[in-house]
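The values are calculated or read from the model by the stated rules, or taken from the named source; none is laboratory data. Since we're looking at a predicted model, the values are computed, not measured. Here Cβ is always computed from backbone atoms with ideal geometry, including for glycine, and neighbour counts include all displayed protein chains. Protein only, heavy atoms only, side chains kept; ligands, DNA and RNA dropped before computing areas. Shrake-Rupley method; radii C 1.70, N 1.55, O 1.52, S 1.80 Å.
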Amino acid sequence: MRQGFHEPVPEGMLVTGIIRSPHGLEGFVKIESISGETVHFDGLADVLVRPSDGPPVRLELEAVRANARPPLVKFRGVDSPEAAKRFAGAEILVSRDNACPLDTDEFYVSDLCQCMLVHNDVSVGLITGVLEGGESDLLEVTLSDGAVPGIPGGEKRFVPFRKEFVGEVDMKAKTVALMHRWILE
């Protein structure tokens, strides 16, 4: 999971990878798959590439080496390391239909964001992002007013996305259950 640049993802799209750095002399780039899976890159014709410092651009895939470590992608018209370097750090977005399929109890980061974090059926905050952590991902939560005594609403807290701290995730209700309120203090 990954939080992205905290910019809204276009409707129906998901961040599926991050472009890391150029590889070789032909314009290939190293990619990091958000899910850890790479097979879904093989069937893609084009992707939306969103740099952190500019507007998104649609790029056609010319070649994919999904089994390479790290996986490599070549975009049509990007034919040198210098041309490839301008995309370093950019997000790769695809439609939900082209994203890595989910297993049971898996969620896309964009679906977790904007879910309410609830404790005993009372909202304590809004999940605004997911960050990569050491042993687990971290839910970034913006606290609701009165959620934690003495702490104003709008403060941010991080909750490990682990079964010890997070209970049921209800995507239909857009809620994530918090097991222990003390973690927000």
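Observations
- Per the listing E168, E164, the residue uniquely acidic (D, E) and over 26 Å from V15 (Cα atoms) is E164.
- Only residues that are assigned to a loop (DSSP other than H, G, I, E, B), under 14 Å from I92 (Cα atoms), hydrophobic (A, V, I, L, M, F, W, C) and open to solvent by less than 40 Å² (accessible area, probe 1.4 Å) were counted in segment 21-71, giving 2.
- Whether a residue is over 30 Å from L178 (Cα atoms) and either out of contact with any helix residue (DSSP H, G or I) (no Cβ under 6 Å at 6 or more places or on another chain) or open to solvent by 70 Å² or more (accessible area, probe 1.4 Å) (or both) was assessed, and G17 does not pass this test.
- Inter-residue pairs, beta-carbon under 6 Å, first at pLDDT 90 or above and in segment 130-159, second in a loop (DSSP other than H, G, I, E, B) and open to solvent by 70 Å² or more (accessible area, probe 1.4 Å), 6+ apart: L143/E155
- Count - residues of segment 168-182 that are over 14 Å from C113 (Cα atoms) and open to solvent by 30 Å² or more (accessible area, probe 1.4 Å): 5
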